[in-house]
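The values are calculated or read from the model by the stated rules, or taken from the named source; none is laboratory data. Being a predicted model, the structure only gives us computed values, none of them experimental. FYI the Cβ positions are ideal-geometry reconstructions off the backbone, even for glycines, and counts take in every protein chain you see. The area values use the complete protein model at the heavy-atom level, side chains included, leaving out ligands, DNA and RNA. Shrake-Rupley method; radii C 1.70, N 1.55, O 1.52, S 1.80 Å.
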Amino acid sequence: MSVTDTAGVTGTAMAGRVSASRSLQDELLRGLDAPICLTWEWTYACNLACVHCLSSSGRRDPRELTTAQMRSVVDQLADMQVFYVNVGGGEPMTRSDFFEVLEYSVDHGVGVKFSTNGGMITPEKARRLASLDYVDVQISLDGADAMTNDPVRGSGSYDRARTAMDHLAAAGFGAFKLSVVVTRHNVSQLDSFEMLARDYGAELRVTRLRPSGRGRDSWSQLHPTAAQQRDLHSWLLARPNVLTGDSFFHLAAYGQALPGLNLCGAGRVVCLIDPVGDVYACPFALHDHFRAGSVLDSGGFAAVWRGSELFTELREPGSAGACTSCGHYDACQGGCMAAKFFTGLPVDGPDPECVLGHGEAALAAVNAASLPTVDNDHSRNDHSRRRMLPLSVLR
Amino acid sequence: MPSPPHALGPATTSIFDRDRAYRLHPKVALRPERFGALAYSYETRRLSLLKDLDLVSVVRSLADHPSADAALNIVPAAKRPAVERALARLVETGFVRERH
């Protein structure tokens, strides 16, 4: 949502990007009655095994919500006036009730933006998607060519994503989103992604690589270098129409903020419901440490959002820490909580990709044995967790 | 077919005129918040933050008044210019539309 805070009383926002005045930012940090940006992962099952998967997806969890439970969650979200949800996974289209829940949601005023690798979008399904109002589709692609994309997302995944884009275009879907996680290897292809999106009449969305899920193991090899981060910041500043999901707010410490809220929204304006109904502070924090409750608890999602101990704590003013004494703290606000946690850095310390370089020094001091354990791993087998070898072809 | 998300600019170019009658766009939902309200347009996928409780009251009552000016009468004089500017912005961005 690109929120221009025009009259001092309103701010307008594009869904997905919000920018806000200081006073509004303070209000948002205290939390909202319901999230603005709720990610809801529908399954841990996935037909791919991306090396940076935030949710370590692969296998379906036997405890995943049933169709009836999914409908009940939609009812709760509709009651809370959650205007739309960002649906992900896993691959949400692997659920046999995918269209049933999708249609139930939009029929109840909860719009759906869903992320998919595209592998299951047949011409027929593309037409069905195109026939639905309030549904937005985001196709993930992490390289502008198969050589760059496939080592990260799996063999054949580039071609399948392109085929899905062709099917959506042929079905007259309209403007879908092309969603790219920025890595060391594709950051030089941003112009190509922009052209590719333009060719399809699509919008480009680029987001930050997080060391969450399987990304914990691949992050150090994939995250952009310091020089690349600076170029990325300039590139994005020149392109306010490129969506970022507000994910690069740590770059504001270069001196100029990108369009967006520019704050960590975890538990304040953002949260995650996972496939078994557990509620976490944000989509990058699938770890017990950030689990606030479950939609299956008495009181449901609203009780977790409004009253959980974790979310209440996150809405309190930030505690003093190494970063608060830094002159740039107001700009970056200490960066991404999840990125710090999964790289073993203190939550009140610098972001691992702090643009002033404080993260690198802090990372060097981290003892590997003190890294958080990986829990909630649904990778198909040990093989997919250790599938780092193909990345070497990118060097 | 889904409406395009209109990422590239304001949804409309309507100009606010306080003597005309207005209403909330039928595809816009308002959600009360501590500081005012959140407005969401299902058509343009835009979100707007209404940061003032009087502004929210004005927007909700527009349909019951013959003009925006009449609806704005509930706002204390000192605050009225800011609320009117905000309302004008909501008209320009299509959250509020003219009523005929």
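Computed quantities for the displayed model
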item	result
Residue in the stretch B:63-74 that is more than 10 Å from chain A (Cβ to nearest Cβ), at pLDDT 90 or above and closer than 27 Å to residue A:34 by Cα present	yes
Cross-chain or 6+ apart pairs with Cβ under 7 Å, the stretch B:61-88 first and over 18 Å from residue B:49 (Cα atoms), then surrounded by fewer than 20 Cβ atoms within 10 Å (Cβ to Cβ) and among the polar types (S, T, N, Q)	B:71/B:61; B:74/B:57
Test: residue in the stretch A:96-113 that is in contact (Cβ under 8 Å) with a residue 40 or more places away in the chain and assigned to a loop (DSSP other than H, G, I, E, B)	no
In the stretch A:337-353, the residues that are open to solvent by less than 10 Å² (accessible area, probe 1.4 Å) and under 17 Å from residue A:268 (Cα atoms)	A:338
Residue under evaluation residue A:174, criteria (1) crowded, with 18+ Cβ neighbours inside 10 Å; (2) closer than 24 Å to residue A:105 by Cβ, criterion not met	(1)
When residues of the stretch A:202-238 are limited to those that are β-branched (Val, Ile, Thr) and outside any loop (DSSP other than H, G, I, E, B), the one surrounded by the most Cβ atoms within 10 Å (Cβ to Cβ)	A:206
Residue A:46 being open to solvent by 20 Å² or more (accessible area, probe 1.4 Å) and at pLDDT 95 or above	yes
Subset of the stretch B:75-100 that is open to solvent by 30 Å² or more (accessible area, probe 1.4 Å) and under 12 Å from residue B:24 (Cβ atoms) - its residue that is nearest to the other protein chains (Cβ to nearest Cβ)	B:97
Near pairs, Cβ below 9 angstrom, 6+ apart or cross-chain, from the stretch A:172-186 (facing another protein chain (nearest Cβ under 8 Å) and within 18 Å of residue A:353 (Cα to Cα)) to any residue that is open to solvent by 10 Å² or more (accessible area, probe 1.4 Å) and not in a loop (DSSP other than H, G, I, E, B)	none
Whichever residue in the stretch A:115-135 is part of a strand (DSSP E or B) and open to solvent by less than 10 Å² (accessible area, probe 1.4 Å) and, among such residues, is nearest to the other protein chains (Cβ to nearest Cβ)	A:135
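Conditions tested, residue by residue: (1) at pLDDT below 90; (2) more than 7 Å from chain A (Cβ to nearest Cβ); (3) assigned to a loop (DSSP other than H, G, I, E, B); (4) surrounded by fewer than 18 Cβ atoms within 10 Å (Cβ to Cβ).
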position	(1), (2), (3), (4)
B:8	yes, no, yes, yes
B:11	yes, yes, yes, no
B:39	no, yes, no, no
B:60	no, yes, no, yes
